[in-house]
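Only one structure is covered here, and it is reproduced in the block below.
The values are calculated or read from the model by the stated rules, or taken from the named source; none is laboratory data. In this text, all values refer to a predicted model and were calculated from it rather than measured experimentally. Please note: Cβ atoms are built from the backbone with ideal geometry, for glycine as well, and neighbour counts cover all protein chains shown.
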Amino acid sequence: KPPHPQKINGINQGYKLQAFIGDSVSSVLNVPPSLFDPLAQQSAVISGLRKYTTYNLTVLCFTDPGDGLPSHPVEVTTQEDVPDEVSRLQFEDISDRAVKVVWSPPDNANGVLTGYTLSYSVKDKPDTLKTENFTADTLSVKVTQLQATTHYRFEVNAWTSKGPGPKKVATIQSGVEPVLPSPPTKLAVTNIEAFSVVLQFTPGFDGNSSITKWTVEAQTARNTSWFPAFEESSPDAMTLTVVGLIPFTLYRLRLIARNVVGPSEPSEPTKEFQTIQ
């Protein structure tokens, strides 16, 4: 509700709804005063908050000279949601018939984690699918009774009370220890636009495990240091649409493949090209 008119000390320019995490301002929403009744109670929706996070909300009135005193804070906690993807999925102690599957919690749980689901099957044979559920404090499991020298697809996802998060997927071959992948080759660019380009390439050796992420690094005429420009998780990709480029800029791109062991060496760079205006 607005301050008493005699305490505004000027012309009311509006209100600032502020959301604090601890002592730091996380989000601010400016709300204009009501044109119909300056003394009427007002409401507003503040967006862009983090999931399952406790905030202190305050409101203040401001005039041209500056901000007034904020209201007493009101503590609120945003609702839970499904969790993000688990942050790591790796394999250890690989033998012909067994493997230890290891994962890490999501970077953003978005609530209280209630457990994990592990699913695995022979690659391209969904009828062999097996699923196991685990408590939230379980971060590894030994899977046994595998077929020797066979490619398996593993999926792990986390749960909150709101449901399951997205699955993190990787494939390995039983009996074959994964190693670092080889870099992609034969890079070429097509469909050059102002903000994007299509990057074609030939994948290298996958290191006996599926590629979990492609990282495109860029180099410009103004910035000769290589920097990450784009990432995509698409294990079987042979083309990537690289977005977020700057118009009318000279670029060279190179590509890094990552599997459960780590990143490959960077590929040889593309020929220099210029995005359009």
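Within region 184-206, the residues that satisfy the criterion of being in contact with a Pro (Cβ under 6 Å, 6 or more places away or on another chain) and buried (at least 16 other Cβ atoms within 10 Å of the Cβ) are P184, F201, P203, G204, D206.
Can you tell me which residue is nearest to Q200 (Cα to Cα) among those in region 229-268 that are touching a strand residue (DSSP E or B) at 6+ places or on another chain (Cβ under 9 Å) and small (G, A, S)? Restricting to residues being touching a strand residue (DSSP E or B) at 6+ places or on another chain (Cβ under 9 Å) and small (G, A, S), the top hit is A237. Can you pull out every residue in region 221-241 that is surrounded by 13 or more Cβ atoms within 10 Å (Cβ to Cβ), at pLDDT below 95 and more than 18 Å from the chain's Cα centre (by Cα)? Scanning region 221-241 gives a single hit, A237.
Restricted to strands (runs of 3 or more DSSP E) entirely inside region 147-221, those with at least 1 residues that are of a type outside the set (A, V, I, L, M, F, W, C) and closer than 30 Å to E80 by Cβ are 151-160, 168-173, 213-220.
Selection of region 243-277 for residues being within 25 Å of the chain's Cα centre (by Cα), surrounded by fewer than 16 Cβ atoms within 10 Å (Cβ to Cβ) and either part of a strand (DSSP E or B) or free of Cβ contacts under 8 Å to residues at least 60 places away in the same chain (or both) yields V243, G244, I246, P263. Of note, K1 does not satisfy the criterion of being of a type outside the set (F, W, Y), in contact (Cβ under 8 Å) with a residue 40 or more places away in the chain and under 29 Å from N110 (Cα atoms).
Residue pairs whose Cβ atoms lie under 8 Å apart, separated by 6 or more positions or on different chains, with the first residue in region 229-242 and assigned to a loop (DSSP other than H, G, I, E, B) and the second loosely packed, with under 12 Cβ neighbours inside 10 Å, are M238/T202. Going by the structure shown, is P166 modelled with pLDDT under 95, out of contact with any Ser or Thr (no Cβ under 9 Å at 6 or more places or on another chain), of a type outside the set (D, E, K, R) and outside the structural domain of A229 (by the TED database)? No; evaluated as a whole, the condition is false for this residue.
Just one of the numbered conditions (1) of a type outside the set (D, E, K, R); (2) buried (at least 17 other Cβ atoms within 10 Å of the Cβ); (3) modelled with pLDDT of 95 or more is not true of L89: (3).
In region 5-27, which residues are exposed (fewer than 11 other Cβ atoms within 10 Å of the Cβ) and under 38 Å from the mean Cα position of the chain (by Cα)?
Quick first cut of region 5-27, residues exposed (fewer than 11 other Cβ atoms within 10 Å of the Cβ) only: 5-7, 11, 22-24.
Residues satisfying the conditions are G22, D23, S24.
From the list L113, L118, which residue is part of a loop (DSSP other than H, G, I, E, B) and aliphatic (A, V, I, L, M)? Explain how you work it out, then say what you get.
Details: L118 fails: part of a loop (DSSP other than H, G, I, E, B).
Exactly one of L113, L118 is part of a loop (DSSP other than H, G, I, E, B) and aliphatic (A, V, I, L, M), namely L113.
Annotation for region 224-241: at least one member residue is under 30 Å from E155 (Cα atoms) and either in the same structural domain as F91 (by the TED database) or β-branched (V, I, T) (or both). Taken over region 37-71, residues that are in a loop (DSSP other than H, G, I, E, B) and at positive phi amount to 2.
Per-residue answers, yes or no, for (1) more than 30 Å from V179 (Cα to Cα); (2) over 27 Å from the mean Cα position of the chain (by Cα):
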site	(1), (2)
T77	yes, no
D93	no, yes
V112	yes, no
Y116	no, no
V122	no, yes
S140	no, no
T149	no, yes
Y152	no, no
G163	yes, no
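Residues of region 121-146 that are polar (S, T, N, Q), farther than 23 Å from P235 by Cα and not in a strand (DSSP E or B): T135, T138, T144, Q145.
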